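**Q** Okay, handing you the structure first.
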Amino acid sequence: MEDDHMVVNSSAIRVEGLRVEYHEYRRDRVFSLGTRQTIVALKDVNFTIEIGEHVAIIGRNGSGKSTLLQTLAGMLRPAEGLVEVSGRTLFLSGVDPGFDSELTGRENVRQLAPAYGVLPDQVEPFTESVKQFTELGEAFERKYAGYSGGMKGKLGFGFISDLRSDVLMIDETFGAGDREFKKKSKARMNAMVSEIPTLVMCSHGMNLVTSICERGLVIDRGRLVFDGPISEAVAHYEALTEDSIHWIEFPYQKKRINDDALVFDFEAEFPIVENMRIVIHDNKLKQFIFVEELEERDSFSIPLSSLPSHLDVVFKIQQFKENKWHDASRYCRLTPHDTK
């Protein structure tokens, strides 16, 4: 085993013989001391990423892709092998960089900016840039605790997308706000990516990774099973998942109703594959009230008039496999439109 697992090298990232383990303590009886069980998350992973490459790490849930990204970012220590990284690294996961609920939006941005590498003389310009982009107006001067979910997402995305580094690592996609803000966020994200020398990202969104990355690493059961052009990597991943359920992780805890309709943007929110449908359940009637096959489309909307006025409903995605419908997501609740 190497003594120093994270060192600086001339290439962007180099990984050799990487093995990552987790340990669990299990007890068979109440008064048992228990035993330690080793779970291998990654094993014998080797690859090099050159400066300037944009690389996607893709794989099924539990395959080890997020573990790999966290190890590259220095958040997890390898059991074996070596990880070499060159330059300042920024790891992003979600849209909350660590905001304090008792501080205002402005105070949060000012306080966190230096921790993310913003130089002292750039803190104020950075703060004003975030304020302008988020379109929060006077809410920028209010306590974060009073923000709606959409406002928190806007502030987080505005902060994160204005940061710069030598190596950017992103775990899943992030975005917030209404349809117009999502378009603005997508443009900002593209600008951010174009200015970052080296990008490594994890995502279930195949449309997103193919539009941003030129190379893909496919992880399956803790091993690197493919390394090559992104189109071939996606094809390899789809072949792996052909006989399994394509599980969807919603990028929100509750789904907002916009403009008197329940609108799904499958490019910005989550990807769908063939043989999927949406199912809506009325919790008061205790029965399903809406079922619609999604087919291949970029978006889908349900008029508010088609939903019960109490809005005590939940929805989920299902996929048709082996002659029956299987759940392909958790249930998600609805919430009224956020105000800016």
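**Q** Among the residues of the stretch 68-90, which ones are closer than 18 Å to Ile51 by Cβ and part of a strand (DSSP E or B)?
**A** Scanning the stretch 68-90 gives Val83, Glu84, Val85, Thr89, Leu90.
**Q** Taking only pairs six or more apart or across chains, which ones have beta-carbon atoms under 7 Å, a first residue in the stretch 303-321 that is assigned by TED's automatic domain parsing to the domain that holds Val263 and farther than 24 Å from Pro271 by Cα, and a second residue that is acidic (Asp, Glu) and assigned to a strand (DSSP E or B)?
**A** Pro308/Asp282
**Q** Here is a list: Leu90, Leu82. Which entry is within 18 Å of the chain's Cα centre (by Cα), more than 20 Å from His204 (Cβ to Cβ) and surrounded by fewer than 20 Cβ atoms within 10 Å (Cβ to Cβ)?
**A** Numbers: Leu82 fails: within 18 Å of the chain's Cα centre (by Cα).
After applying the criteria, what remains is Leu90.
**Q** Related question: Would you kindly identify the strands (runs of 3 or more DSSP E) lying entirely within the stretch 272-340 that contain at least 1 residues that are over 29 Å from Lys152 (Cα atoms) and modelled with pLDDT of 85 or more?
**A** On the way: elements: 276-282, 287-293, 299-303, 313-321, 324-327, 332-335.
It comes to 276-282, 287-293, 313-321, 324-327.
**Q** I need a count of the residues in the stretch 220-235 that are more than 20 Å from Leu18 (Cβ to Cβ) and crowded, with 18+ Cβ neighbours inside 10 Å.
**A** Applying the first criterion (more than 20 Å from Leu18 (Cβ to Cβ)) to the stretch 220-235 yields 229-232, 234-235.
Those left that are additionally crowded, with 18+ Cβ neighbours inside 10 Å: 230, 234.
Residues flagged as more than 20 Å from Leu18 (Cβ to Cβ) and crowded, with 18+ Cβ neighbours inside 10 Å within the stretch 220-235 amount to 2.
**Q** Please identify the pairs in which a residue from the stretch 199-215 that is closer than 10 Å to Ile57 by Cα and in contact (Cβ under 8 Å) with a residue 40 or more places away in the chain has its Cβ atom under 6 Å from the Cβ atom of a residue that is basic (Lys, Arg) and not in a loop (DSSP other than H, G, I, E, B), counting only partners at least 6 apart or on another chain.
**A** Close Cβ pairs satisfying both conditions: Cys202/Lys65.
**Q** Return the residues of the stretch 130-142 that are in a helix (DSSP H, G or I) and under 24 Å from the mean Cα position of the chain (by Cα); say none if nothing qualifies.
**A** If we filter the stretch 130-142 for residues that are in a helix (DSSP H, G or I), which is where we start, we get 130-134, 137-141.
Matches in the stretch 130-142: Val130, Lys131, Phe133, Thr134.
**Q** Which condition does Ser63 not pass, out of (1) surrounded by fewer than 19 Cβ atoms within 10 Å (Cβ to Cβ); (2) within 16 Å of the chain's Cα centre (by Cα); (3) hydroxyl-bearing (Ser, Thr, Tyr), if it passes all the others?
**A** (1)
Each row is one residue, and each column tells you yes or no for (1) outside the structural domain of Glu53 (by TED's automatic domain parsing); (2) at pLDDT below 85; (3) closer than 18 Å to Leu69 by Cβ; (4) out of contact with any Cys (no Cβ under 7 Å at 6 or more places or on another chain).
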residue: Met189; (1), (2), (3), (4): yes, yes, yes, yes
residue: Met206; (1), (2), (3), (4): no, yes, yes, yes
residue: Val218; (1), (2), (3), (4): no, no, yes, yes
residue: Arg221; (1), (2), (3), (4): no, no, yes, yes
residue: Leu224; (1), (2), (3), (4): no, no, yes, yes
residue: Gly228; (1), (2), (3), (4): no, no, no, yes
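The values are calculated or read from the model by the stated rules, or taken from the named source; none is laboratory data. The model shown is predicted, which means the values in this text are computed figures rather than measured ones. Neighbour counts are summed over all protein chains in view; Cβ atoms, including those assigned to glycine, are modelled from backbone coordinates with ideal geometry.
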